[in-house]
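The values are calculated or read from the model by the stated rules, or taken from the named source; none is laboratory data. What you see is a predicted model; the values in this text were computed from it and never measured. Here the Cβ positions follow ideal geometry from the backbone for every residue, glycine too, while neighbour counts run over all protein chains shown. To get the accessible areas, we keep the full protein, side chains included, count just its heavy atoms, and leave off ligands, DNA and RNA. Shrake-Rupley method; radii C 1.70, N 1.55, O 1.52, S 1.80 Å.
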Amino acid sequence: MIPRFQSTGLAAAALVMTLSSMQAHAQSATTGAAYGPVAGTGYADLTDLVTAAPVIADATIRSTIKLKGTDAVGAAPGATRYYIEADLGALVKGAGGLPPRIGYLLDLMPDASGRLPKLKKLRVLLFGRPVPGVPNQIQLVAPDAQIAWTPADDQRVRGIAQALVAADAPPVITGIGNAFHVPGALPGEGETQVFLTTANGAPVSLTILRRPGEQPRWAVALSEIVDEAAAPPARDTLLWYRLACALPGTLPPKSTASLDAGNSAIAQEDYAFVVQQLGPCGRTRALR
């Protein structure tokens, strides 16, 4: 149980939690390494956090309490566990809402000089989930699910949250189906299609067009109809993220099993071109 630190001036109700809720917090806070607040998080990492979090809050840290003993069981070696109270500035995501003041647990590692970051009055973005039966508490969805607030990250988080619930949101890519290559009438001319598998069964395919003397052109279709005028997805968009962070580096052999050696080699080359054009996903954090 978190003790009632009467001298802190914090509301006692915000400090009283059931042991099971406390253990749930501790498990979330210590899966993997412990992190401090980070600014300038990459698009892929932000999208991972937004996707995982039922609740996203823009808040300012009001007070912190260092926890020890049984309240810090499970913290990463060398980490300091805090119970934090923060004043809600805005609710970015969360159907059930949040009270004006919320509490949560956070494990922090010291910097290279052995100092812990200063947290009080820090404005942060929190990615969490409600704690059942404790409406003024949230559980961070990952050890790094608190990031320092910046105008740029705030705007990106809101944009990602909106894109995820949009009617035309691209589906989650789960793998690669069949790939085909059809040569054209002229040498060096042809078309490759790569069909992707998705979590909801929605159709997604890649089309790569070759013309003699030209760089290949590619596009992604989110329906059964392929629009040859479509452009590749812009970097740091949800469709780009779905592709760049899910597609393997090469076509699996089963995808070209029905092709002869020549057409299979061209399909592999065209697919590699798409992967190169997408660029690296840029994910720096482990998925949880």
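When Trp240 is tested against the conditions (1) open to solvent by less than 20 Å² (accessible area, probe 1.4 Å); (2) farther than 19 Å from Val172 by Cβ, the lone failure is (2). Filtering segment 119-139 to residues that are of a type in the set (S, T, N, Q) and open to solvent by 50 Å² or more (accessible area, probe 1.4 Å) leaves nothing.
On the stretch given as segment 72-84, residues that are buried (at least 18 other Cβ atoms within 10 Å of the Cβ) and either in a loop (DSSP other than H, G, I, E, B) or at pLDDT below 95 (or both) total 5. If you take the residues in segment 254-267 that are open to solvent by less than 80 Å² (accessible area, probe 1.4 Å) and touching a residue at least 24 places away in the same chain (Cβ under 8 Å), which one is nearest to the chain's Cα centre (by Cα)? Result: Ser255.
Being touching an Asp or Glu at 6+ places or on another chain (Cβ under 9 Å) and either in a loop (DSSP other than H, G, I, E, B) or of a type in the set (Phe, Trp, Tyr) (or both) holds for only one residue in Pro233, Pro248, Pro212, Pro187, and it is Pro212.
Within the set Ser255, Ser264, the sole residue that is out of contact with any helix residue (DSSP H, G or I) (no Cβ under 6 Å at 6 or more places or on another chain) and of a type in the set (Ser, Thr, Tyr) turns out to be Ser255. The set of residues in segment 236-245 being in contact with a Leu (Cβ under 8 Å, 6 or more places away or on another chain) and either assigned to a loop (DSSP other than H, G, I, E, B) or of a type in the set (Gly, Ala, Ser) (or both) consists of Ala244 alone. Taken together, the residues in segment 17-71 that are farther than 28 Å from Ala163 by Cα, at pLDDT 90 or above and assigned to a helix (DSSP H, G or I) amount to 3. Looking only at segment 234-264, residues that are among the small types (Gly, Ala, Ser) and in contact with a strand residue (DSSP E or B) (Cβ under 9 Å, 6 or more places away or on another chain) come to 6 in all. The number of residues in segment 190-208 being assigned to a loop (DSSP other than H, G, I, E, B) and open to solvent by 70 Å² or more (accessible area, probe 1.4 Å) comes to 2. Against the definition (loosely packed, with under 14 Cβ neighbours inside 10 Å and either within 17 Å of the chain's Cα centre (by Cα) or among the acidic types (Asp, Glu) (or both)), how does Ala169 come out, yes or no? No, not satisfied.
The rows are residues; the columns are (1) touching a residue at least 40 places away in the same chain (Cβ under 8 Å); (2) more than 23 Å from Ile84 (Cβ to Cβ); (3) among the polar types (S, T, N, Q).
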residue: Arg101; (1), (2), (3): yes, no, no
residue: Leu106; (1), (2), (3): yes, no, no
residue: Leu119; (1), (2), (3): yes, no, no
residue: Pro132; (1), (2), (3): yes, no, no
residue: Leu140; (1), (2), (3): yes, no, no
residue: Pro151; (1), (2), (3): no, no, no
residue: Gly159; (1), (2), (3): no, yes, no
residue: Thr174; (1), (2), (3): yes, yes, yes
residue: Gly184; (1), (2), (3): no, yes, no
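Reported count of residues in segment 209-227, each being open to solvent by 30 Å² or more (accessible area, probe 1.4 Å) and either free of Cβ contacts under 8 Å to residues at least 60 places away in the same chain or under 27 Å from the mean Cα position of the chain (by Cα) (or both), is 13. Scanning segment 140-149 turns up no residue that is open to solvent by 20 Å² or more (accessible area, probe 1.4 Å), closer than 21 Å to Ser223 by Cα and hydrophobic (A, V, I, L, M, F, W, C).
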